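To start, the structure under review is shown below, and the notes come after it.
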Amino acid sequence: MPEQSISTLRKARLPGLDADATPVIGVGLGLTGIMLGVRPRLAPVSLALTAAAVLLYRDPDRATPDEAEMIFAPADGVVIGVEELYEHRFLHTDAVRVAIAVSPFDVPVHRSPAAGVVAYLEHIPGAYRPAWDVRASEHNERRYIGIKTEWGHLLIAIIAGPLARRLDCRINLGEHVPAGARLCKSRFGSYVDLLLPRDAVEQLPDIGARLRAGATRIGRVVPL
């Protein structure tokens, strides 16, 4: 059943990083300081591990162009599929699905592809199968975010991968979101499907295209 709301506390954060990175950095720097006093040769290792961990918590500010006719990428990653299907959950029409693979080293924050109102939220618990398992999109844990725009509906499906055991969404039903607004985060890799009305969009991306959430244009709304 669709959820009524999903919300999280928006904490203060370091520039370019998620709020959850603060304790990671603190522990890492503290351990590095201890190593400097006990075993100086190991201090660079501790510092390098801290830097690697911080990569998983990136959340840079991005300026989404003010182009109402454009659709922007919902996630950092690589396009692995573009196909037509019938979307029965929110769009209730023939649709095109843009499938995006998000690696553990991509920025884990997912953003709104267009301005609109959050009209549908659903969380489905599930498994954590790898991407090559054909059952992953239907059996893995996933969250759906439906947005009603001026030109129609769009649906984002965020699917947990084998390592992403937490899909943390930050929005409420009925909330207005501008294009590029932060919606959800899924650390350690995931898969994101963007579903759009088939006859409402054009200029879709090619398979293999590299995307940046809220910055890369991946479609244009067909003029009425």
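The values are calculated or read from the model by the stated rules, or taken from the named source; none is laboratory data. Note that this is a predicted model, so its numbers are computed, not measured. Note: ideal-geometry Cβ built from the backbone for every residue, glycine included; neighbour counts use all protein chains shown. Each accessible area value is taken on the protein alone, full model and side chains, heavy atoms only, with ligands, DNA and RNA left out. Shrake-Rupley method; radii C 1.70, N 1.55, O 1.52, S 1.80 Å.
Here are the numbers:
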{"quantity": "Accessible area per residue, Å², the range 147-186 with all protein chains present, probe 1.4 Å", "calculated": "40"}
{"quantity": "Heavy-atom accessible surface of the range 77-224: percent carbon and sulfur, 1.4 Å", "calculated": "54"}
{"quantity": "Calculated from backbone phi, Karplus (6.51, -1.76, 1.60) coupling profile of the range 103-112 in Hz, x at Gly/Pro", "calculated": "7, x, 9, 7, 4, x, 9, 9, 10, 6"}
{"quantity": "Centroid-to-centroid separation of the range 94-122 and the range 179-224 [C-alpha atoms, Å]", "calculated": "6"}
{"quantity": "Spin-label model distance (nm) - Arg89 vs Arg198, 7 Å beyond Cα toward Cβ", "calculated": "1.9"}
{"quantity": "Ranked by how many other beta carbons lie within 10 Å on average, peptides 215-221, 155-161, 143-149 from highest", "calculated": "155-161, 143-149, 215-221"}
{"quantity": "Values of log10 I(q)/I(0), in the order q = 0.13, 0.16, 0.19 Å⁻¹, for the range 78-224 under a Debye, Cα-only, solvent-free model", "calculated": "-0.52, -0.82, -1.21"}
{"quantity": "Label point distance in nm, Ile80-Arg62, each placed 7 Å from Cα along Cα→Cβ", "calculated": "1.9"}
{"quantity": "Mean separation of Cα contacts under 8 Å (6+ apart) over length of the range 72-224, as relative contact order %", "calculated": "35"}
